[in-house]
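Reading through the structure tokens given below for one structure.
The values are calculated or read from the model by the stated rules, or taken from the named source; none is laboratory data. These numbers come from a predicted model, not from an experiment. Positions of Cβ are backbone-derived with ideal geometry, glycine not excepted, and every protein chain shown enters the neighbour counts. These area figures cover heavy atoms from the full protein model, side chains too; ligands, DNA and RNA do not enter into them. Shrake-Rupley method; radii C 1.70, N 1.55, O 1.52, S 1.80 Å.
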Amino acid sequence: MARHIIQQANEAPDGRRTAPAALRNAGPLIDALRHRLPAEGRVLEVASGTGQHAAAFAQAFPALEWVPSDVDPGQRQSIAAWRRESGLKNLAEPLAINISEPWPVERGFAKAVLTINLLHLVPVSFVSQFFEGARATLSKGGRVIVYGPFLRGSSYASDGDRSFDASLQARDPAIGYKSVEAVSELAEACGFIPHANDAMPANNLLLTFAIP
């Protein structure tokens with residue numbers, strides 16, 4: 001499994017990549033996640049990208065152990081560089097996680113699984129595999145949190161969303177926006193129940209599902 005689009009990012013001499021989108025949404029995500037993450041324990045971030053978010057989140061939530069991951073070796077190198085630069089003790093080395101294969105973690109490994117801007121970049125079958133992997137990672141009471149752009153029913157939130165989705169499907173008809181309803185159904189099929197739906201800037205959503 002590989003994302004079809006890797007974030008546009010600048011790379012510093014020390015190996016840290018910086019993506020403009022991650023700079024923009026880190027603050028709003030931290031504000032929203034304060035209400036959705038556990039108070040303590042381990043959080044597994046799937047598809048961490050450049051690692052900017054992982055460093056920002058680990059700093060914002062010092063009581064949490066933040067475990068980043070990515071399928072792309074170049075992104076994992078960037079995550080490791082952000083970890084070195086931050087010096088944060090609660091930010092772990094990045095894992096290599098391919099959501100279409102068994103994840104290299106045991107059940108109960110984390111209290112929450114988070115992914116940001118992934119689901120619209122993979123086929124629907126991989127969304128199911130993401131929730132299956134999250135379910136196998138979490139124990140009772142665990143949460144899975146997904147952020148990104150979504151359809152509301154069959155409707156786009158804006159003309160910009162419609163254009164962006166068209167550009168994704170022009171690259172690969174198998175990827176693109178999924179509806180909130182379809183994602184919720186896939187989560188529920190894996191044993192999760194809807195917990196929260198938070199509106200975010202730029203028409204994005206933060207969807208939280210829990211294991212009852």
Within the stretch 191-207, does at least one residue satisfy the condition of being buried (at least 17 other Cβ atoms within 10 Å of the Cβ) and among the β-branched types (Val, Ile, Thr)?
no
Only one residue in Ser139, Ser128, Ser86 is of a type in the set (S, T, N, Q) and either touching a Gly at 6+ places or on another chain (Cβ under 7 Å) or modelled with pLDDT under 95 (or both). Which one?
Ser139
Restricting the search to the stretch 133-159, which residues are free of Cβ contacts under 8 Å to residues at least 40 places away in the same chain and assigned to a helix (DSSP H, G or I)?
Ala136, Asp159
For the stretch 168-186, what are the residues that are out of contact with any Lys or Arg (no Cβ under 9 Å at 6 or more places or on another chain), within 25 Å of His35 (Cα to Cα) and among the aliphatic types (A, V, I, L, M)?
Ala182, Val183
Quick check: anything in the stretch 107-122 of a type in the set (D, E, K, R) and modelled with pLDDT under 95?
yes
When you scan the stretch 1-106 for helices (runs of 4 or more DSSP H) that lie fully inside it, which ones turn up with 2 or more residues that are without any contact (Cβ under 8 Å) to a residue 40 or more places away in the chain and open to solvent by 50 Å² or more (accessible area, probe 1.4 Å)?
20-33, 73-86
Does Leu95 count as closer than 27 Å to Val183 by Cα and not charged (D, E, K, R)?
yes
I'd like to check something: does the stretch 168-178 contain any residue that is part of a loop (DSSP other than H, G, I, E, B), open to solvent by 40 Å² or more (accessible area, probe 1.4 Å) and either under 19 Å from Phe126 (Cβ atoms) or of a type in the set (Ser, Thr, Tyr) (or both)?
yes
Give me the residue from the stretch 61-91 that is farther than 15 Å from Leu114 by Cα and acidic (Asp, Glu) and, out of that set, farthest from the chain's Cα centre (by Cα).
Glu85
Those residues of the stretch 120-132 which are part of a helix (DSSP H, G or I), open to solvent by 10 Å² or more (accessible area, probe 1.4 Å) and of a type outside the set (Ser, Thr, Tyr), in sequence order
His120, Leu121, Val124, Phe126, Gln129, Glu132
